[in-house]
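Notes follow the structure.
The values are calculated or read from the model by the stated rules, or taken from the named source; none is laboratory data. Values in this document were obtained by computation on a predicted structure and should not be read as measured data. Note: ideal-geometry Cβ built from the backbone for every residue, glycine included; neighbour counts use all protein chains shown. Each accessible area value is taken on the protein alone, full model and side chains, heavy atoms only, with ligands, DNA and RNA left out. Shrake-Rupley method; radii C 1.70, N 1.55, O 1.52, S 1.80 Å.
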Amino acid sequence: MSESNKKPFSVREIREEFPALRQQIYGKNLIYFDNGATSQKPQMVLDAINKFYSKENANIHRGVHFMSQKATTEYEESRKRIQKYINARKSEEIIFTKGTTDGINLVAYSYGELLQAGDEIIISAMEHHSNIVPWQMLCIRKGLGLRIAPINKKGELLMEEFEKMLSKKTKLVAITHISNTLGTVNPIKEVIEKAHAVGAKVLIDGAQSIQHTRVDVKDLNCDFYVFSSHKVFGPTGIGVLYGKEDILDRMPPYQGGGDMISRVTFERTTYNELPFKFEAGTPHIAGGICLGKAFEFLESIDMSAAEKHERDLAKYAEDILDTFEGLHIIGEAKNKTSVVSFTVDGLHPFDIGTLLDKQGIAVRTGHHCTQPLMDFYKIPGTVRASFAFYNTRQEIDTFVAALEKSISMLK
Amino acid sequence: MTIEEKQQEIISEFSMFDDWMEKYEYIIDLGKDLPLIENELKTEDRLIEGCQSRVWLESKMIDGKMNYSADSEAIITKGIIGLLIRVLNNETPKSIVENDLHFIHDIGLQEHLSPTRANGLAGMVKRMKIDALKNIS
């Protein structure tokens, strides 16, 4: 569906779909600004969870009975819906995982088996621990080199430095599409082109992307793209690894068990084809089906209008926060999504977050699982407000007033 | 005053507050009043690592009674530490080990002791008790 055929973007109408937003905490209307951690769920996803367990619960891919067939069909329909949404060539390229972390670990283990001592992997200085630690583990296991592409103080990737690191030894570049801490949108298309020029594959950590912007894996030409359901309005415990078919075909299975096999004997086992080769055991069936519902919801949203609204919110918040004495915005990339991370001189982020919470405002405080990035800025952590398309300027006004009150109490 | 009497006193103080912000205003004031630990005492062995804010604890035994001093990077954590010190200081190791610190729950601050809160407080309460236990002969 082209964007122009969709309903006009209306925050008011979208908010009505999210029951979690209509509640009070500590006697105040909830303001949910922790969307970088997880998103709230629309009614159609909640209904789908209830419907699945009430009426359709059965195991998939193996039952002859009605319910099993129905669950299997819905699970596979969901896979196809996701394939279409991110414009993958085939549904076989959509692997269901537990989430972004699981997807990265799968690639680190399985693609890692194809690598040899002396090969190199490049990540960036702004990666989440999930896109650092699996590579460190792989490097230790296989004797590979891990190189870190640096960033500037604004939180932008230093493209020239990155290019200098690329060589024939580079076998994989693993980089985030959008930084969870800084909101930086990385120039991943350029990164992918440069990496491909030396024959390296590229994994994009998309945990912070699909909820904010349209992603087209064919246009990006990335080799792997990973994301989590719970950040894109679906249930927790499920996510997606997109991988190019020819690469996935060459990769050995990650986990062994049911569903991933073709034929098992004690002497020799042959593996199932894609995507099942990478989906051992009974999966999160309800999760997979309901993630499909979340994408159905996303299809109904004019994403370019939603993205504009989110960026307007961040700009609006930053313009006000800039006037606060001693407040520093962390992450000032030119191309930035709706994440506003900041510190206040002399105050600990934990204290600010605790007082905001008691005023009904949910933000995240701390290092956001990016400790090396905190070391780079020489700060213990930040307060992070991360907006979704259901947030409003009025909420930001309330947040600003609550922040002013918190700061005056703490000073 | 016994540990239990001190706990009851704090519970009654907190019952006078109408809302959360008043409670926190009081805790923040306690945090500001608590003397800082000298920097040379902020050593690795006194450090209780939280995910978000670090806490240091110094325990001493003086005349058969425990004497604690502590510090945190976060002022709210420090205020709660102030309450813990008020309850446990100048008490015998035995009574510290045996008494249940229920007042934190009763004044509604139990969230600060949950392991997910990761502010080092849960670890500090445990360390205070362990240090007392070490001093039971």
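Values for this structure:
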read-out	value
Positive dipole terminus of chain B, leading residue within B:N90, B:S59, B:M1 (C-beta point charges)	B:S59
Gaussian network model of chain B, Cα within-10 Å springs - most flexible of B:T92, B:T43, B:T77	B:T43
Cα centroid separation, segment A:82-99 to segment A:23-50 (Å)	26 Å
Computed magnitude of the charge dipole of segment A:252-406 (debye, nearest 20; Cβ of K, R +1, Cβ of D, E -1)	400 debye
Which of A:A314, A:G366, A:H328, positive extreme of dipole for segment A:255-394 (C-beta unit charges)	A:G366
Net charge over other residues, Cβ less than 11 angstrom from the Cβ of A:V45 (K, R count +1; D, E count -1)	0
Share of alpha-carbon pairs per 5 Å distance bin for segment A:266-411, given as whole %	2, 8, 14, 16, 14, 11, 9, 8, 6, 4, 3, 2, 1, 1, 0
Shielding by partners - mean other protein chain Cβ count within 10 Å, residues of B:69-76	5
Helix-only CD estimate at 222 nm, as mean residue ellipticity for the protein assembly as shown, using -39500 (n - 2.57) per DSSP H run (n ≥ 4)	-12000 deg cm²/dmol
In segment B:1-62, GluC sites (Glu not before Pro) in a DSSP loop with at most 12 other beta-carbon atoms within 10 Å	B:E38, B:E49
Rounded if a/c under 1.5, otherwise prolate or oblate - segment A:47-299, Cα gyration tensor axes	oblate
For the protein assembly as shown, accessible area per residue (1.4 Å probe, heavy atoms of protein chains only), Å²	43 Å²
Gyration tensor (alpha-carbon) shape descriptor, segment A:371-411, a/c threshold 1.5	oblate
Sum of side-chain charges, A:L146 neighbourhood, beta-carbon under 15 Å (Lys, Arg +1; Asp, Glu -1)	+2
Principal axis dimensions, segment B:3-134 - Cα atoms, whole angstrom, descending	39, 31, 27
At R0 = 56 Å, FRET efficiency that the Cβ-Cβ distance of A:S262 and B:M1 yields, to 0.05	0.15
Phi to ³J(HN,Hα) by Karplus 6.51 cos²θ - 1.76 cosθ + 1.60 over segment A:228-234, Hz, x for Gly, Pro	10, 5, 5, 8, 10, 6, x
Segment A:288-357 - charge dipole about Cα centre, Lys and Arg +1 at Cβ, Asp and Glu -1, debye rounded to 20	260 debye
Point-charge dipole on Cβ atoms (K/R +1, D/E -1) for segment A:148-280, about Cα centre, debye to 20	260 debye
Local net charge near A:S167, Cβ-Cβ under 14 Å (Lys/Arg +1, Asp/Glu -1)	+2
Relative contact order computed over chain A (Cα-Cα under 8 Å; 6+ residues apart), in percent	23 percent
Cα-Cα separations in the protein assembly as shown greater than 29 Å, expressed as whole percent	60 percent
Alpha-carbon centroid distance for the pair segment B:70-130 / segment A:250-302, whole angstrom	47 Å
Inter-probe distance in nm under a simple model that places probes 7 Å from Cα toward Cβ, at A:D345 and A:R147	4.0 nm
Farthest toward positive dipole pole in segment A:205-293 [+1 Lys/Arg, -1 Asp/Glu at C-beta], among A:G258, A:G234, A:T213	A:G234
Anisotropy class of segment A:1-154 from Cα gyration tensor, a/c 1.5 cut	oblate
Using θ = phi - 60° and Karplus 6.51 cos²θ - 1.76 cosθ + 1.60, couplings along segment A:6-16 (whole Hz; Gly, Pro as x)	8, 4, x, 5, 9, 4, 4, 5, 5, 4, 5
For A:I238, residues with placed amide H under 5 Å, excluding near neighbours	A:S229, A:H230
Simple spin-label estimate for A:R89 and A:K7 in nanometres, 7 Å along Cα-Cβ	3.7 nm
Mean separation of Cα contacts under 8 Å (6+ apart) over length of segment B:3-134, as relative contact order %	30 percent
Spacing of the two label points (7 Å from each Cα toward its C-beta) at A:D249 and A:T73, in nm	3.0 nm
